[in-house]
Amino acid sequence: MQLNTGLKKSGKSPVKIVTSDEYLEDEDLLEMMNVGLIPMIVIDSHKAEFWAQIFKDFKRYSQKYNFDWLMIAAQAYQESGIDQSKRSPSGAVGVMQLLPSTAADPNVNIRNIHVMENNIHAGVKYLRFLYSRYFKDEPMDALDKMLFTLASYNAGPGKVIKLRQMAKQSGFNPNVWFRNVEIIAARQIGAETVQYVSNIYKYYIAYRFIVKEFRPKKEKKIKAN
């Protein structure tokens, strides 16, 4: 009411607040806003500041290590629901669900991953290490290189290498994840890694669709005015 009073005095249109569905959490609305599905939301200021920092860190470190930040956001959502307070029974920490020992490895070397920014940095840097060490020069397309990297993040690169070998022996394409190596993964190590990669890809496609469908329209409208 105070905001609209001020807008009216300035000769501007009032803000219309629409109540969201009761089953949507603040975090869901923030994700929708971040990719352009809704223009803005009203939430507690401390939550807004926290999530603004998360998305800024995703974009920063995705750019630094040459990844699509929407893919990293999709992975983080699968890992933790983008929740820095999350801890796994195995000791994995934070948004990227990384073990402190992995973060401390010389190939990553990021300390104090209980801090959100360090956690995201360590997770993305570890992903880049896996990509560069095991899949960068493999005869795969760009998407499959990423999918195998994600599988390695979840199951470990050693297991994924063995799965590729077994796939080749079984007549599947060892350079293609979907409908090929994932079939061997389901047989040998169970559904977890298969579901992990599949979920991330689905989230990623959804994020890309939302950005493609809604942001260009918004930009065109602004230019037209």
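The values are calculated or read from the model by the stated rules, or taken from the named source; none is laboratory data. All figures in this text were calculated on a predicted structure; none of them were measured in a lab. Because the Cβ atoms are built from the backbone with ideal geometry, glycine has one as well, and the counts that use them run over all protein chains shown.
Can you name the residue in the stretch 72-97 that is touching a Ser or Thr at 6+ places or on another chain (Cβ under 8 Å) and buried (at least 16 other Cβ atoms within 10 Å of the Cβ) and is also nearest to Gly123 (Cα to Cα) among such residues?
The selected residue is Met96.
Given (1) under 19 Å from the mean Cα position of the chain (by Cα); (2) closer than 23 Å to Leu70 by Cβ, identify the lone condition not met by Gly156.
(2)
Failed condition for Ile113, given (1) assigned to a loop (DSSP other than H, G, I, E, B); (2) over 18 Å from the mean Cα position of the chain (by Cα), with all others met?
Exception for Ile113: condition (2).
Would you be able to say whether some residue in the stretch 35-45 is under 23 Å from Gly94 (Cβ atoms), of a type outside the set (A, V, I, L, M, F, W, C), modelled with pLDDT under 75 and touching a Phe, Trp or Tyr at 6+ places or on another chain (Cβ under 8 Å)?
Among the residues of the stretch 35-45, not one is under 23 Å from Gly94 (Cβ atoms), of a type outside the set (A, V, I, L, M, F, W, C), modelled with pLDDT under 75 and touching a Phe, Trp or Tyr at 6+ places or on another chain (Cβ under 8 Å), which makes the answer no.
Restrict the check to the stretch 111-118 and report whether at least one residue is under 21 Å from Ala151 (Cα atoms), among the hydrophobic types (A, V, I, L, M, F, W, C), outside the structural domain of Pro157 (by TED's automatic domain parsing) and buried (at least 16 other Cβ atoms within 10 Å of the Cβ).
no
If you check Glu138, Glu182, Glu117, which single one turns out to be closer than 23 Å to Arg60 by Cβ and either of a type in the set (Asp, Glu) or in contact with a His (Cβ under 7 Å, 6 or more places away or on another chain) (or both)?
Glu117
Rundown of residues vs (1) in contact with a helix residue (DSSP H, G or I) (Cβ under 7 Å, 6 or more places away or on another chain); (2) within 22 Å of Trp69 (Cα to Cα); (3) surrounded by 14 or more Cβ atoms within 10 Å (Cβ to Cβ), yes/no style:
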| position | (1), (2), (3) |
| --- | --- |
| Leu143 | no, yes, yes |
| Met146 | yes, yes, yes |
| Thr149 | yes, yes, yes |
| Ser152 | yes, yes, yes |
| Leu163 | yes, no, yes |
| Gln169 | no, no, no |
| Phe172 | yes, no, yes |
| Val176 | yes, no, yes |
| Arg179 | no, no, no |
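Check the stretch 98-108 and report whether any residue there is at pLDDT 95 or above, β-branched (Val, Ile, Thr), assigned to a helix (DSSP H, G or I) and surrounded by 14 or more Cβ atoms within 10 Å (Cβ to Cβ).
For the stretch 98-108, residues at pLDDT 95 or above, β-branched (Val, Ile, Thr), assigned to a helix (DSSP H, G or I) and surrounded by 14 or more Cβ atoms within 10 Å (Cβ to Cβ): present.
Can you give me the number of residues within the stretch 59-90 that are within 19 Å of Asn154 (Cα to Cα) and outside any loop (DSSP other than H, G, I, E, B)?
Result for the stretch 59-90: 14.
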